[in-house]
Each structure stands twice: as structure tokens, then as C-alpha cells.
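Scroll down for the structure; my scribbles are underneath it.
The values are calculated or read from the model by the stated rules, or taken from the named source; none is laboratory data. For clarity, every value in this text was computed on a predicted model and none was experimentally measured. Counting neighbours? That spans all protein chains shown, and the Cβs are built from the backbone with ideal geometry, glycine included.
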Amino acid sequence: MCLAKPLRPQYDGGIVEPGTEGWIEGMDYFRRHETWLQVSDGNADIAAVFKTQNSYETAGWVTAQKGCWSMLKGGFVVNDSGPADLFFQSNNTKVDIWASSISLQPFTHEEWKSHQQQSIEKVRKRRVKLQAVDQHGRPIANATVSIKQRRPNFPLGCAINQNILRNSAYQNWWSSRFKYTVFENELKWYSNERSRGSEDYSVSDALVQFARSRGAAIRGHNVFWNDPRYQPSWVGGLSTNDLWEAANKRIYSVVGRYKGQLFHWDVVNENLHYNFFESKLGYNASNVFYQKANQIDSRTTPFLNEYNTIEESKDGASSPSKYLQKINQLRNQGYNGPLGIGLEGHFSYANLPYIRSAIDTLATAKLPIWVTELDVSAGPNQANYLEQILWELHSHYAVQGIILWAAWGPQGCYRMCLTDNNFRNLATGNVVDKVRGQWGQADGVQGTTDSEGLFEASLYHGEYEAKISHPKTNKFSNLKEFSVLPNKNAKDLFHLKIRV
């Protein structure tokens, strides 16, 4: 979005004071930042950087242009107290940078959590009104209502790998928790075609069969990986013509084989950080692959998939602004089919203001957004950070699902395990079970009808069963199954009448 005039600053500028004296930072606050930027010529990638007494904090990025104003939206967490200064930095030294409508607003942890809960009430839940009536349709007062969720609407899944195929304990632990999954390595090109022309899908076939037998939906990861380090060993030396031939064979083979069995495909993985196929086949290689994947299997949504877009504010290569540019590039090159935004989510710490601002920016594309490989690096705060990040993602209206990157192996996991080798929960596993229970209302909802036989509750979207009983009359209803679905108007009540 590039406007002729910048919009007014949010929060009337917040705590920003113009000039060279900076402003005073409080301790341990979340901060949201917005600025409208323009450059004197061409375009330039610009970072907003806050200098505190002990650090430099990158709040966000935008590609600013000449002749119009672009919004940089970001955020950061500071644990220092004292003066702070804001700088706008670019590697393009030939342009002047103009800034307008600058705002910076602090939030306490309590305020931030309150905003999360308000958002969850609006986008993840719906108020439901049940009425208990007798066989003549008359309301029954003081009846006991019990509601239990059978299946949540919000997808929370976990990666698996081939170890699950021969380990019943792993199967039981995973199957009791998840209905969405992705394979760690087993659908990657280097796993399916170790030598040219010799394809082996035996392991991926077995994983597909296992997941489907447990009622789990599968993300396809991935058709191609744009990182040159992760190509099949024989690919690097191919000529341009031979690489086109091999790539075409690969996409028709793997997408065709699993047609209709996957709900997403990461068609070109990490094509913001890397450009292996573009460097070998030309600037529009990714566009060709997305076109073909959609032609072969039109029921599976093709996704981009990238790291550090929400995890690391210092990485300008995959900033939200760059991600939107990549989407526009695919569109401009002719791909007009369905498309999804995949955010890997390999975190080292929890920068919640940046996560929220980054997803806000990506949401302007109006495409489905999934967090596809969520984990947190090892450390004393791993479980705490994981819980904070899960709640932040769950509270954002644009996030449609989360997949944890925690496939188990006897020698350990990629970065984050949820269990030990005996499938007893680690602290991270306890966090996952905790949020699953909270999002799924594991304890159920109980209450009593009023004088008109009514009972009202706020329920997470999902599938439910309800039972109504009256202890004085020993009358009770059969289990009533119902679904609570999202509604654009969050104030709309869902009405249900149950006969006792």
C-alpha cells in the first residue's frame, strides 16, 4: 500500500517526542511502532531501528518508494529503562528518507494479554444460547446444562516422521492429540529420488496411509526447496535443459501421486532467502512451478513457505514487505490461482509485538495464513516462549492454523521435542496439552437454565454435544450434537433448543 498522503499517527504518536533528545523508555513493555516513509528517488528497503542504552532493536521493515507513502509497521520488547532514539536505516545511500506520522505506543504485559483475550472472544469464539423445553415446548427453569467439545475448529497439528511407523507408543501419543500433520523430510525431493530416475515413495506412502487412517489432514512439504544445499546430490551438475526435464518429472510425479490427499503443498520452499531454481532456470521458475502444481491438483492450495518473517525482525530478506512483494511478483508473472502464506516459525525468543505487526501486514494480502513449522530453540525459557507465541498466534484473526515442528526421533528432535524417549511429556509437551485443553474447553461448560429455560455461554468454534437434566424430575435429554461455526458478526448469538 502506497498512499499519496500518510494517515494520521496512531495513538496521536504515543510516546514519540520529535527532536534529538530521544524519549524515555520504561522497563519491560511491549511496543508497537508505525511510520509512513517515502524516499527521494526510486525505492529502498528501510528498517526502523531503536537505539536504547544497551542495544539496537529492529522494529520492522518496508520498501519505500518515491512519490507516495508506505507504512512500516513493527514492534519490539525492551527490558531497559532510559532514553531511546529512533533511526531509519537503508543500504541505499543515494536516497533521502522522509518520515511522517510516527507513532510508538507501550503496552504492559497485562494490557497485551487483555487484547489477546478480546481478540479471541471475537474471532475464535461465539456466544451460544440454549433453551431447555419440555415435550410441550414449555421452558424448564433450573435445569442443569452440560456441554462438551468433541472436536475443535482451530487446527493445531504436529509434524511426524518415519519413526512413527514402527513405534506404537509414538503413534498413541501423537494420535490422541493431533488431526493435522506434515512430514519432516519424507516428501522432499532428496528423499524421494536419491539417484536420478530412481524414485522411492515407500516411506511417504506409508506415512500418508498412517495419517489418513488416524483421520489427520496432511500438508505437503515440499515439492521444491530453493536452497542449493538441499537438492538431491545429482541435481547440482545438471544442464539447464536437464534440470527443466528433472524438475518437470518431479512435480508431475509427486503432486500427481498424492492428488486429492493433501490440503496444502509448499511448492517452492524458502524462495525469499534462496533462488536456486531462478539462478538455473530463469527469473520465472517459481511461477512455472506454481502454475503446474495447481493444474495437476487444483484441490490442494499451493503455499509459499518462509522463515524469519515473523520470528526475526533483523532479517530484511524475508520481511513481511518482501513477502508481499514475492506474492505480487508471482501474480505479475501470470499465476492467478489459489495461494497461501506459510510462516515457518522457528523462534529463539518471543517478540510478540513484532509477530502481531508482521501478521497484520501479511493479512492485507487476504490469503490464508498458516504457521507451518513452529518450534522454539532450547533454553530455560523454551516452554514459556512457546506458550506465549501460541497464544499470540491463536489470537490473530488472520492465522488459520498452526503446525508444530516437533517430530520425534530417538536421537532427538530438530530443535524442540515435546516428549522424552518414553513419550512422557516434557515442559513443552505440557504447554501443548495445556493450550489444547483451553482452546478445546476440555473441562466442558456447565450451568443452570434461568426462569425462561435459557443458558448462555461463550464457546470456541468447534463440534459439541450437550445434555440437559433436571434433578428434581429425573428428566434428561438425549445428547444433542451441534456445531459452533465462525460468524462475521461476533455479536450474533447461536440459538439452540433442546427438548427434555
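Residues of the stretch 41-55 include none that is under 24 Å from Y397 (Cα atoms) and either touching a helix residue (DSSP H, G or I) at 6+ places or on another chain (Cβ under 7 Å) or in a strand (DSSP E or B) (or both). Selection of the stretch 73-82 for residues being surrounded by 20 or more Cβ atoms within 10 Å (Cβ to Cβ) and out of contact with any helix residue (DSSP H, G or I) (no Cβ under 8 Å at 6 or more places or on another chain) yields only V78.
Regarding G260, is this residue in a helix (DSSP H, G or I), surrounded by fewer than 21 Cβ atoms within 10 Å (Cβ to Cβ) and modelled with pLDDT of 95 or more?
Working: in a helix (DSSP H, G or I): no; surrounded by fewer than 21 Cβ atoms within 10 Å (Cβ to Cβ): yes; modelled with pLDDT of 95 or more: yes.
So G260 does not fit the description; no.
Taking each residue of the stretch 428-457 that is closer than 30 Å to A378 by Cβ and looking for partners that are part of a loop (DSSP other than H, G, I, E, B) and of a type in the set (K, R) with beta-carbon atoms closer than 8 Å, six or more apart or interchain, yields V432/R177; D433/R177; R436/R177; W439/R124.
Can N241 be described as in a helix (DSSP H, G or I), over 23 Å from the mean Cα position of the chain (by Cα) and farther than 24 Å from I327 by Cα?
Numbers: in a helix (DSSP H, G or I): yes; over 23 Å from the mean Cα position of the chain (by Cα): yes; farther than 24 Å from I327 by Cα: yes.
Taking the combined requirement at face value, the residue satisfies it.
In the stretch 450-475, the residue that is modelled with the lowest pLDDT out of those that are in contact with a Ser or Thr (Cβ under 9 Å, 6 or more places away or on another chain) and either surrounded by 18 or more Cβ atoms within 10 Å (Cβ to Cβ) or on the phi > 0 side of the Ramachandran plot (or both) is H470.
Exactly one residue among Q118, Q135, Q131 is of a type outside the set (K, R), more than 23 Å from W370 (Cα to Cα), surrounded by fewer than 18 Cβ atoms within 10 Å (Cβ to Cβ) and not assigned by TED's automatic domain parsing to the domain that holds T372, and that residue is Q135.
The set of residues from the stretch 147-201 being of a type in the set (G, A, S) and surrounded by 16 or more Cβ atoms within 10 Å (Cβ to Cβ) comprises G157, A159, S175, S191.
Going by what's in this entry, would W98 be described as within 30 Å of A4 (Cα to Cα) and of a type outside the set (A, V, I, L, M)? Judged against the criteria, W98 is a match. Please enumerate the residues belonging to the stretch 381-396 that are in contact with a Lys or Arg (Cβ under 8 Å, 6 or more places away or on another chain) and part of a loop (DSSP other than H, G, I, E, B). H396 - this is the single residue of the stretch 381-396 that is in contact with a Lys or Arg (Cβ under 8 Å, 6 or more places away or on another chain) and part of a loop (DSSP other than H, G, I, E, B).
For the condition modelled with pLDDT of 95 or more, in the same structural domain as W391 (by TED's automatic domain parsing), over 26 Å from S90 (Cβ atoms) and crowded, with 22+ Cβ neighbours inside 10 Å, S286 qualifies.
The residues of the stretch 83-106 that are surrounded by fewer than 17 Cβ atoms within 10 Å (Cβ to Cβ) and hydroxyl-bearing (S, T, Y), listed by number, are T93, S100. For V435, state whether it is within 16 Å of G345 (Cα to Cα), among the β-branched types (V, I, T) and out of contact with any His (no Cβ under 7 Å at 6 or more places or on another chain). For V435, the condition - within 16 Å of G345 (Cα to Cα), among the β-branched types (V, I, T) and out of contact with any His (no Cβ under 7 Å at 6 or more places or on another chain) - is not met. Considering the stretch 353-402, the residues that are farther than 24 Å from A217 by Cα and either at pLDDT below 95 or of a type in the set (S, T, Y) (or both) include one that is farthest from the chain's Cα centre (by Cα), namely S377.
Of everything in the stretch 62-84 that is outside any strand (DSSP E or B) and under 15 Å from F107 (Cα atoms), the residue that is farthest from the chain's Cα centre (by Cα) is S81. Listed by position, the helices (runs of 4 or more DSSP H) contained in the stretch 108-210 that have at least 3 residues being among the polar types (S, T, N, Q) are 109-123, 168-175. Between S298, S253, the distinction of being surrounded by fewer than 22 Cβ atoms within 10 Å (Cβ to Cβ) and either under 25 Å from the mean Cα position of the chain (by Cα) or closer than 19 Å to G340 by Cα (or both) belongs to S298 only. Kindly indicate the residue of the stretch 77-110 that is without any contact (Cβ under 8 Å) to a residue 60 or more places away in the chain and among the charged types (D, E, K, R) and also farthest from H461 (Cα to Cα) among those meeting that condition. Among those that are without any contact (Cβ under 8 Å) to a residue 60 or more places away in the chain and among the charged types (D, E, K, R), it is K94.
Among the strands (runs of 3 or more DSSP E) lying completely within the stretch 290-380, list those that include at least 1 residues that are in contact (Cβ under 8 Å) with a residue 60 or more places away in the chain, assigned by TED's automatic domain parsing to the domain that holds W225 and in contact with a helix residue (DSSP H, G or I) (Cβ under 7 Å, 6 or more places away or on another chain).
Here the list reads 369-376.
Give me the residue from the stretch 409-441 that is assigned to a loop (DSSP other than H, G, I, E, B) and among the charged types (D, E, K, R) and, out of that set, surrounded by the fewest Cβ atoms within 10 Å (Cβ to Cβ).
We begin by selecting, within the stretch 409-441, every residue assigned to a loop (DSSP other than H, G, I, E, B); these are 409-418, 420-424, 426, 440-441.
Add one more test, that the residue is among the charged types (D, E, K, R), and what stays is 415, 420, 424.
Values: R415: 16, D420: 11, R424: 9.
Within the stretch 409-441, the match that is surrounded by the fewest Cβ atoms within 10 Å (Cβ to Cβ) is R424.
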